[in-house]
Amino acid sequence: MLAGLLGEPGRLDADGVRELAGKGMRIGSHGWAHRDWRTITEGQATEELERAHEVLGELTGEPVSRVAIPFGSYDRGVLRRLRHAGVTRAYTSDGGRARPGSWLQARNSLRHDLDASWIGRVLDGPSLGRRAGKLGMRLYKRVR
């Protein structure tokens, strides 16, 4: 959830968040205002990684400790900030299979136009060449 955009047209409001949490959905943060966490100021980082978690935690009655990184844009500075903020799992838009137990998790965006072949490719896993490329990109993001 983008805590700073709750109630905006086309977005969930506070009651919607409470309802999802009440139905057993785990609520995570996507930050405050969908900013690139690699380029934010310290003040914006406080809003994105602390205030957003506080607002969502107040609505759900549970601590918020999972995030989906906006734009999939991260580097070692972002990862350090997330660990310092107590994030227990960070989701990226790197795509591919989730790795059980991993702190940094790939995620896939689901859209209305995806077909069975796309789902099959995700479930079957990428080819060796594509897997090597994805691994290289994740490594590059972590060390830049």
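The values are calculated or read from the model by the stated rules, or taken from the named source; none is laboratory data. Just so you know, these numbers come straight off a predicted model, no measurement behind them. Note that each Cβ is placed from the backbone with ideal geometry, even for glycine, and that neighbours are counted across all protein chains shown. Ligands, DNA and RNA are excluded from the accessible area calculation, which covers all protein heavy atoms including side chains. Shrake-Rupley method; radii C 1.70, N 1.55, O 1.52, S 1.80 Å.
Structure summary
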quantity: Gained length - Glu62 relative to Lys23, 0.36 nm times residue gap less alpha-carbon distance; calculated: 12.7 nm
quantity: Surface accessible to a 1.4 Å probe, Arg83 within the full protein complex, Å²; calculated: 150
quantity: Förster radius 22 Å - calculated FRET efficiency between Ala14 and Arg107, Cβ distance, rounded to 0.05; calculated: 0.35
quantity: For the chain: rounded, prolate or oblate by the Cα gyration tensor [a/c cutoff 1.5]; calculated: oblate
quantity: Residue among Trp103, Ala3, His30 farthest towards the positive dipole end of the chain, charges placed on Cβ; calculated: Trp103
quantity: Separation of the Ser73 and Val122 label points, Cα + 7 Å toward Cβ, nm; calculated: 2.4
